[in-house]
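Contents: one structure, followed by commentary.
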Amino acid sequence: MVKVDESKCIGCGACVSIAPENFDFNESGLSVVKKDEVNESVNEAKDACPVGAIEVNEGTETPAE
């Protein structure tokens, strides 16, 4: 699952530049997910986001013991 927290997004465009197949801008100029597929580009976009607005969950997580 890929999610953008619009309350954090500043519309810098890093994610759209890095993963245009997954992210786009909404009418307010903020990032939105257009393809909810976790791949290398999405992880790069998450790491490049200056405000940490992108959340990536690749599936079921096992709790740490």
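Taking 7 Å steps out from each Cα toward its Cβ at residue 12 and residue 58 produces label points 2.4 nm apart.
For the chain, carbon and sulfur atoms together expose 45% of the accessible surface, with a 1.4 angstrom probe and every protein chain in place.
Helix-only arithmetic for the chain: the sum of -39500 (n - 2.57) across DSSP H runs with n ≥ 4, divided by the residue total, places the mean residue ellipticity at 222 nm at -5500 deg cm²/dmol. Modelled spin labels at residue 39 and residue 24, positioned 7 Å past Cα toward Cβ, are 1.6 nm from each other.
If you take the Cα Rg of the chain and divide it by 2.2 N^0.38 Å, with N the number of residues, what do you get?
1.10
A 1.4 Å probe run over the chain, with the rest of the protein chains in place, finds 65 Å² accessible per residue.
The values are calculated or read from the model by the stated rules, or taken from the named source; none is laboratory data. Please read these numbers as outputs of a predicted model, since none were measured by experiment. Cβ sites come from the backbone with ideal geometry, for glycine too, and all protein chains shown count toward neighbours. In case anyone asks, the SASA skips ligands and DNA or RNA and just uses the protein heavy atoms, side chains included. Shrake-Rupley method; radii C 1.70, N 1.55, O 1.52, S 1.80 Å.
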